[in-house]
Structure formats: C-alpha cells, structure tokens
1. Return the FRET efficiency for the residue pair GLN154, LEU255: r is the Cβ-Cβ distance, R0 is 51 Å, and the value is rounded to the nearest 0.05.
2. How are the alpha carbon pair distances in the range 35-259 distributed across 10 Å bins from zero to the largest one, expressed in percent?
3. Counting other Cβ atoms within 10 Å, keep those with at most 13, restrict to DSSP loop, and tell me which GluC sites (Glu not before Pro) in the range 185-280 are left.
4. Just want the ordering: MET166, MET157, from fewest to most Cβ atoms lying within 10 Å of their own Cβ.
5. Listing LEU227, LEU246 from the residue with the fewest other Cβ atoms within 10 Å to the one with the most, what is the order?
6. Most exposed first by the Cβ proxy, i.e. fewest other Cβ within 10 Å, how do LYS110, LYS267 rank?
7. Multiply the residue separation of SER170 and GLN116 by 0.36 nm, subtract the distance between their alpha-carbon atoms, and state the gained length in nm to one decimal.
8. Residue separation times 0.36 nm, minus the C-alpha to C-alpha distance between ARG286 and TRP214: what's the value?
Amino acid sequence: MKDKSAEPSYKDKKKNKKADPKPGHDQLSKPNPEALRLGKDCDYDRELSRLQVELVKLQEWVRTEKLRVVVLFEGRDAAGKGGAIKRITESLNPRVCRVVALGTPTEREKSQWYFQRYVEHLPAAGEVVLFDRSWYNRAGVERVMGFCTEPQYQEFMQSCPEFERMLVRSGIKLIKYWFSVSDEEQERRFQDRMLNVTKRWKLSPMDLESRKHWAEYSRAKDEMFALTDTKHAPWYVVNADVIRHLLSLFEYRDLTPEPLPLPPLEKSKYVRPPFHEQNFIPEIYR
C-alpha cells in the first residue's frame with residue numbers, strides 16, 4: 001500500500017516549483033526564427049481560411065469517433081481569448097462545438113460543490129465544449145479580488161489536479177490554454193475598447209478594478225501553474241496561433257461528406273398567396 005505520508009504536501013509542491021524570473025509580468029516565449037511571417041511567407045486571411053477548413057475536418061472526426069473534447073481558455077482581460085474562440089467556432093456546427101461562458105454564480109451555486117456547475121456543461125460523445133473562463137476563476141479573479149476564502153482557495157488547489165485527472169481518466173480530451181499579454185498590449189486594447197462603441201461592452205467594472213492588481217494576478221497565475229500544470233492536463237501558453245496548435249493535438253482524418261446532387265425545385269404544384277397580403281419590413285438600403 002502506498003504511504004500517503006510520503007507524498008509531498010501542497011506547500012512542498014509549491015516550494016519546489018521554480019519561481020517566475022520576472023514577477024509581475026507574463027512570460028513570453030522568444031520568437032521562433034523558423035516561424036512563418038504573415039504578409040511575407042503567407043497571407044493571413046488565406047491561412048486562417050485553410051485552418052478553419054481543417055477545424056471542420058476535426059469536427060467531423062470528433063463527431064464520427066464520438067470523442068469528448070474540453071478546451072479551456074484562460075488569461076488576463078483583453079488577452080485575446082474571445083477573438084480566438086470566435087475564429088475557432090466561426091465555421092463549426094454549434095450542435096457539435098459549443099461555447100460555455102458562465103456568469104456570476106447564484107447563491108444556490110455558491111453553496112454547491114465548486115466544480116458542480118461546470119460539470120453539467122461537460123460534453124457528451126461527439127461534442128466539443130470551449131470554456132470561455134472555467135473553474136480556474138477560483139485561482140484567479142476569486143483569489144485576487146477576495147471572492148473566496150483562504151480555505152476555499154487551498155481546497156481548490158488540492159482538488160483541481162484530481163478533478164482533471166478524473167476527467168482525463170473518463171476519456172475526455174482536456175486542453176488548457178493560457179493567453180499571455182504584456183501590460184503595454186493590454187493597455188492598448190483597453191484604450192481601444194474605450195474608444196470603440198462596439199467593443200465597450202467588453203469592459204466591466206471588474207476589468208477596471210483588476211488594473212489595480214496586475215502584480216497580484218501575475219502571482220496568482222504562477223501559483224496556479226505550479227500545481228495544475230500536470231502531465232495529464234498541461235497548460236499551453238498562447239502568444240501565437242492557437243488554431244494550428246489545437247489541430248496538432250489530434251490525429252484526425254478527413255471525413256468531410258461528399259457534395260450531394262441538388263434535386264430540382266418543384267414550383268408548379270403550389271400557388272403562393274399574393275405578396276400584398278404579407279407584412280414586409282421597409283427597404284432602407286438598396
């Protein structure tokens with residue numbers, strides 16, 4: 001029998017992890033000299049279209065093979081999570097690939113087992129679920145802004161690796177992305193949201209309050225990685241193309257259905273009512 005007393009404690013695991021060499025800043029990987037240069041080696045729109053075709057192929061593979069896929073999108077505000085999710089789902093079937101973006105928990109949900117409200121959104125066979133923020137809210141915003149107690153936070157940090165191990169052991173493909181952004185780029189995007197009316201809804205009072213806690217968020221992220229960046233559910237830090245990486249995690253085949261011949265329309269068997277009997281919206285643009 002395994003001696004549990006010999007297992008490292010939460011504090012021991014945290015102590016043994018290497019600290020961030022630059023506290024207060026997200027670590028960005030060095031540029032890859034072999035990477036394709038958009039506008040020079042390849043066209044952005046053409047490359048995006050090609051990758052979205054591959055996503056459709058992956059979708060069909062997931063549906064046919066009855067896979068269950070969960071992808072978590074985490075990171076700082078304005079780090080690009082929403083844009084990546086939009087481009088991934090743009091050409092996909094919402095019955096196969098759906099997005100889960102939960103709001104503030106209700107009083108009833110606050111009294112539940114912490115992971116409970118996320119479990120009900122997990123995929124069935126042949127489905128992909130993209131979490132726009134996930135159970136890692138507890139290790140991030142709840143931790144920094146004081147929305148959870150210290151015992152609740154410690155319990156999450158102990159339970160999360162086990163919870164994810166159960167998901168993986170049950171057959172779920174779990175992929176975790178952390179979107180990294182520098183303070184300069186985040187500031188530029190916040191300013192853009194303030195000026196652009198179509199994006200202003202993205203700024204919440206919580207986003208504005210979080211600006212006072214940049215260093216605390218960096219520390220919380222590093223502590224989170226220390227215990228939840230595991231072999232069975234590793235974190236992937238994103239500062240480049242997430243679609244290409246997501247595709248590389250699957251060995252899928254092209255199962256795209258062949259185009260079907262369209263039968264001719266039979267219009268002569270039915271006489272439609274006069275147009276003037278229907279309510280048409282007025283034409284404003286021509």
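What follows is calculated from the coordinates using simple rules that are stated; it is not laboratory data. Treat the numbers as computed from the prediction; the structure is a model and nothing was measured. All Cβ positions, glycine included, derive from the backbone under ideal geometry; neighbour counts span all protein chains shown.
1. 0.65
2. Here the calculated profile for the range 35-259 is 7, 30, 36, 22, 5, 0.
3. In loop regions of the range 185-280 (DSSP not H, G, I, E or B), the sparsely surrounded GluC sites (Glu not before Pro) are GLU251, GLU266.
4. MET166, MET157
5. LEU227, LEU246
6. Lowest count first: LYS267, LYS110.
7. Additional length available on full extension: 17.8 nm.
8. Full extension from ARG286 to TRP214 adds 21.0 nm.
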